[in-house]
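Below is one structure; the comments refer to it alone.
The values are calculated or read from the model by the stated rules, or taken from the named source; none is laboratory data. Quantities reported herein were computed from a predicted structural model and do not represent experimental measurements. Cβ placement follows ideal geometry from the backbone for every residue including glycine, while neighbour counts extend to all protein chains displayed. Note: areas computed on protein heavy atoms with side chains; ligands, DNA, RNA excluded. Shrake-Rupley method; radii C 1.70, N 1.55, O 1.52, S 1.80 Å.
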Amino acid sequence: MWYAALFRFLRRRIILGLILTLSLCYCIFSYIGKSDFLDNDDEVPVRRTQPFIWRTLQEHNSTNDVAATCRNSVQGRVLMVDDRGFLCTRSELLSSGCCNSELQTVIQYTCETCNPKQCCGIYEYCVSCCLHPDKKELLEAILKKATEQNNILLASASDHFELCLAKCRTNSQSVVHENSYRDPSAKHCFGETVPIPNYVET
């Protein structure tokens, strides 16, 4: 009788040990497979699924009609820029989301706070300047570089307006020592260069 109890006890231990060993092997192989996938993930290029949309000057100006709706920069407390490149104050924004281009104070493609390095002191001016159709060649080079460097934020922009919104935001290249701007007077850049500090570090 005790032989049967011992056999059942050993059989239970062997099965449990076998299950534990197989589970451990499965976990090890799964972890190795996942780490290989993560290592190779950097080598996979970012590919655009839809064509990038560029708007010409004529297309920008053809949306000046009353029925037009616009996307705008939304976040500004005082200034706004719409997807046609018009810069205005919040009070000059129409219910359609467009800046009221009939007003003389509303300016299109203004680069007033921007320097020759395509860096601007005010975010909305940066976006407005960036939206000028003349900047297409520069932005195409930036898009190409973003794809090569797997910059998902820039490479996933679907049109000119989204690209300018993303590019003009401050990023790690705009700051030094992680807590101060390289150039506080021109911290929003849409060009390939980064802000140059107006001081020399010692």
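For the reader, a short list of remarks on this structure follows.
- Restricting the range 49-76 to residues that are part of a loop (DSSP other than H, G, I, E, B), open to solvent by 70 Å² or more (accessible area, probe 1.4 Å) and among the hydroxyl-bearing types (Ser, Thr, Tyr), the residue that is modelled with the lowest pLDDT: Thr49
- Test: residue in the range 123-131 that is under 15 Å from Cys189 (Cβ atoms) and touching an Asp or Glu at 6+ places or on another chain (Cβ under 8 Å): yes
- Subset of the range 77-119 [assigned to a loop (DSSP other than H, G, I, E, B), farther than 24 Å from Ser158 by Cα and of a type in the set (A, V, I, L, M, F, W, C)]: Val78, Leu94, Leu103, Val106
- Listing of helices (runs of 4 or more DSSP H) fully contained in the range 121-164 that carry 3 or more residues being basic (Lys, Arg): 136-148
- When each of Glu102, Glu92 is tested for being loosely packed, with under 12 Cβ neighbours inside 10 Å, within 30 Å of Lys136 (Cβ to Cβ) and modelled with pLDDT of 65 or more, the lone residue that passes is Glu102.
- Among all positions in the range 18-39, there is no residue which is touching a Phe, Trp or Tyr at 6+ places or on another chain (Cβ under 9 Å), modelled with pLDDT of 80 or more and either open to solvent by less than 40 Å² (accessible area, probe 1.4 Å) or part of a helix (DSSP H, G or I) (or both).
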